[in-house]
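Okay, structure first, notes after.
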Amino acid sequence: MEFDFWWLLVPPLFFAFGWLAARIDIKQLINESKRLPSAYYKGLNFLLNDQEDQAIDVFVEIIKLNPDSVELNFALGSMFRRKGEIDRAILIHQKLLQRNDIAAELRLDAQYELALDYLKSGLLDRAEDGLKALQGGRYARKASGHLLDIYQQEKQWEKAIAVANTLSDANYSFQHEVAQFYCELALRDIANSQPDAARSHLEQALATHRKCARANIMLGEIDAAAGHYESAIVIWQRIEGQDPQYLSLVGTKILDAFRRLERPADGVQLLKSYLSTYPTLDLLDLIHQAVLEQEGEQVALEYVYSVLRANPSMLGLKTLADAESLLAPVERRKDLEVIRSLINENTRKLSMYHCTACGFRAKQYYWHCPGCSGWETYNPKLGAESV
Ligand SMILES: [Zn+2]
């Protein structure tokens, strides 16, 4: 096999070209930097040191020397917006948008920046118009992302569904969010006394995301409200196959439905079977209360002990102290009260729902986090503990 020795020249040649290109770049950079006023570096220095106010003052002075500089105008516009001086940012971006002496691509940049200004100032109608006008171009996806935020803020769920569907791709399907938007529509239907429309939206939620436990919780609630307790229970039982964590959110509803059917013991039995497989504090508390009503204090206390022996935890200890104090003689109740308040103090944080995305804690369960606006980010189990 013959070997062409000239191939040996290729690596050094590549190296030489690379070196030359780097030299040209550096030379160009030095030439450009010589043309820049010293104030520019001053402004840059303020920016790098997070002294935005001083940086803005310097750049305002520089732009007076060169008012037509597109780059400087964009930079200043962004700085004004970040600082909350939205009116000034809007003025700069509007002027850029109206300029005929700059490339169409730059006007498109200005249009996007202007939409962001409106968004930050809360002028959502104007932001929406600006973002819609960007559809079809290179800002289409970013603009759609912002439109989705706007529609969620304005609770325009139909529009949110349409935009989320256009954003859906192989990387992210938006099925969680779209299913929740259908649930929000169903919530509105229920408030307007339209249970059939609500059912239809909830079916769409399940068709979009078959594990949407909220849809089944709501479907069961609609049936229970109409007095169809048997079918409500059947629907709520489906949650076990979707995501058993959410069973703790329907425990009270299941017990109530069985009570209405005059089969309270069956309700307790069902919850006990759930608790043995998916232990949560909510279910333990609920069962303790139900057993207390149906079978008395002694049986209730023994049940709590049996659960805690299998799954010891601080949160379960609180239920145990509750159960113990009911049976304790009067002279011991004071001591038990001290123990209970100590446990309460130490488990207060854990006895709240928390968002797994931002950590926001709340007494009530949220499907849409008030802290970070995430959907289904709340853990349906109290605290992070099992029983
Ligand atoms: Zn959150």
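A few comments on the model shown:
- Applying a threshold of 7 Å to beta carbon distances and a minimum spacing of six or more residues, or different chains, the list of pairs starting in region 344-370 at a residue that is more than 23 Å from Ala321 (Cα to Cα) and of a type in the set (Ser, Thr, Tyr) and ending at one that is assigned to a loop (DSSP other than H, G, I, E, B) and within 16 Å of the ligand (Cβ to nearest atom) reads Thr356/Thr377; Thr356/Asn379; Tyr365/Pro380.
- Single match in Gly130, Gly122, Gly137 (criterion: farther than 30 Å from Asp57 by Cα and among the small types (Gly, Ala, Ser)): Gly137
- When each of Arg214, Arg188, Arg210 is tested for being closer than 25 Å to Leu255 by Cβ and charged (D, E, K, R), the lone residue that passes is Arg214.
- Criterion violated by Phe258 - all others in (1) more than 28 Å from Asn311 (Cα to Cα); (2) more than 30 Å from the chain's Cα centre (by Cα) satisfied: (1)
Table: residues versus (1) in a loop (DSSP other than H, G, I, E, B); (2) out of contact with any helix residue (DSSP H, G or I) (no Cβ under 8 Å at 6 or more places or on another chain); (3) on the phi < 0 side of the Ramachandran plot; (4) buried (at least 22 other Cβ atoms within 10 Å of the Cβ).
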| position | (1), (2), (3), (4) |
| --- | --- |
| Ile222 | no, no, yes, no |
| Ser231 | no, no, yes, no |
| Gly241 | no, yes, yes, no |
| Ile254 | no, no, yes, yes |
| Leu286 | no, no, yes, no |
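- Residue satisfying all of: in region 166-187; assigned to a loop (DSSP other than H, G, I, E, B) and not aliphatic (A, V, I, L, M); surrounded by the fewest Cβ atoms within 10 Å (Cβ to Cβ) among these: Asn171
- Hey, Ala328 free of Cβ contacts under 8 Å to residues at least 60 places away in the same chain, of a type in the set (Gly, Ala, Ser), away from the ligand (no atom under 16 Å from the Cβ) and surrounded by 13 or more Cβ atoms within 10 Å (Cβ to Cβ) or not: yes
- Leu326 passes every criterion in (1) over 38 Å from the mean Cα position of the chain (by Cα); (2) not in a helix (DSSP H, G or I); (3) not β-branched (Val, Ile, Thr) apart from (2).
- Qualifying residue in region 200-217 (condition: surrounded by fewer than 19 Cβ atoms within 10 Å (Cβ to Cβ), over 21 Å from Leu247 (Cα atoms) and more than 22 Å from the chain's Cα centre (by Cα)): yes
- Checklist (1) touching a Ser or Thr at 6+ places or on another chain (Cβ under 9 Å); (2) within 16 Å of the ligand (Cβ to nearest atom); (3) closer than 29 Å to Ala265 by Cα applied to Asn311, failing item: (2)
- Region 50-71 - residue that is in a loop (DSSP other than H, G, I, E, B) and closer than 23 Å to Leu108 by Cα and, of those, farthest from the chain's Cα centre (by Cα): Asn66
- Residue within region 29-36 that is within 45 Å of the chain's Cα centre (by Cα) and modelled with pLDDT of 60 or more present: yes
- Filtering region 331-371 to residues that are of a type outside the set (A, V, I, L, M, F, W, C), surrounded by 13 or more Cβ atoms within 10 Å (Cβ to Cβ), farther than 20 Å from Leu281 by Cβ and within 16 Å of the ligand (Cβ to nearest atom) leaves His368, Gly371.
The values are calculated or read from the model by the stated rules, or taken from the named source; none is laboratory data. None of these values were measured; they are calculated from a predicted model. Positions of Cβ are generated from backbone atoms using ideal geometry, with glycine treated the same way; all protein chains shown enter the neighbour counts.
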